[in-house]
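Worksheet: one structure, shown below.
The values are calculated or read from the model by the stated rules, or taken from the named source; none is laboratory data. The structure presented is a predicted model; accordingly, all values stated were derived computationally and were not measured. Here Cβ is always computed from backbone atoms with ideal geometry, including for glycine, and neighbour counts include all displayed protein chains. Just so you know, the surface numbers come from the protein's heavy atoms only, side chains and all, with ligands and any DNA or RNA stripped out. Shrake-Rupley method; radii C 1.70, N 1.55, O 1.52, S 1.80 Å.
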Amino acid sequence: MPRIETPWGPWEAAPLHAVVALFQNLAAPWWVSGGYAIELAVGRSFREHEDVDITVLRRDQLAVRAVLADWDVHAADPPGRLRPWPIDEPLPAHVHDIWVREHPGGPWRFQLMLEETDGDEWVYRRDARIRRPLASVGIAAEGFLRLTPEIQLLFKAKGTRPKDELDFEQVLPYLTPEQAAWLREALATEHGRHPWQARLGT
């Protein structure tokens with residue numbers, strides 16, 4: 001894993017298998033997300049990963065924090081600034097990005113993303129019109145769940161950084177017609193027009 005310098009200290013991402021092992025103790029849903037979710041959908045490695053992303057549900061945040069009781073955990077609150085996350089504190093609704101490391105001063109090892117729900121539905125936090133059954137947001141992968149590629153691409157569509165464009169290009173041939181159609185419709189709902197829509201077919 002590359003070492004990445006940030007204003008809040010360096011990133012040296014933990015191996016994916018180590019993070020997965022840690023979350024096996026969580027008695028709540030969780031998903032491998034970010035670039036690894038795309039790579040797992042493709043079935044091979046095609047780029048370096050600067051971090052490891054794990055998606056959890058906001059409603060389970062205190063159970064997640066308890067699993068990480070021995071870790072140094074910080075919330076992006078407000079976005080663009082990190083602060084420690086005490087073990088018994090429910091995070092405010094605007095916080096959805098959490099950085100985790102073994103101890104203060106050490107490198108950041110993985111990132112948590114808090115997702116919203118409405119009963120048994122997953123709700124896209126950037127546009128609550130976009131939702132789907134919670135049971136449909138993950139795909140089984142080697143003893144854990146990964147976020148479906150179409151949902152991960154929806155998140156990546158906002159900034160379309162070079163790595164996001166590469167992820168889209170690599171996973172596009174592996175999307176089912178149903179996944180492509182869902183993403184095309186979600187992009188239209190959030191963005192109106194988006195460069196990826198034409199490549200997703202009609």
What translational diffusion coefficient, in µm²/s and rounded to a whole number, does the Stokes-Einstein relation yield for the stretch 142-202 at 25 °C and a viscosity of 0.890 mPa s, taking the hydrodynamic radius as the Kirkwood radius over Cα pairs?
207
The answer for trypsin sites (Lys or Arg not before Pro) in the stretch 8-77 that fall in a DSSP coil and have at most 10 neighbouring Cβ atoms within 10 Å is ARG44
Global geometry of the stretch 92-147, whether rounded, prolate or oblate, following the gyration tensor of its Cα atoms and the 1.5 cut on a/c
oblate
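From the C-alpha coordinates alone, can you work out the Kirkwood hydrodynamic radius of the stretch 1-47, in Å?
Values: mean 1/r = 0.0791 Å⁻¹.
By the Kirkwood definition, the hydrodynamic radius is 12.6 Å.
Mind checking Rg over Rh on the stretch 1-92, alpha carbons, Kirkwood formula for Rh? Can you show the working numbers first?
Values: Rg = 14.2 Å, Rh = 14.7 Å.
Checking Rg against Rh, the ratio lands at 0.96.
Between ALA93 and PHE46, what FRET efficiency follows from the Cβ-Cβ distance if R0 is 35 Å, with the result rounded to 0.05?
0.50
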Can you give the three extents of the C-alpha atoms in the stretch 37-81 along their principal axes, from longest to shortest, in whole Å?
34, 24, 21
Computed over the stretch 69-120, protein heavy atoms only, probe 1.4 angstrom, the accessible area per residue in square angstrom equals 48
Which percent of the accessible area of the stretch 78-202 is formed by carbon and sulfur heavy atoms (probe 1.4 angstrom)?
55
For q = 0.11, 0.14, 0.15 Å⁻¹, Debye-computed log10 I/I(0) when each Cα of the chain counts as one equal scatterer:
-0.51, -0.84, -0.97
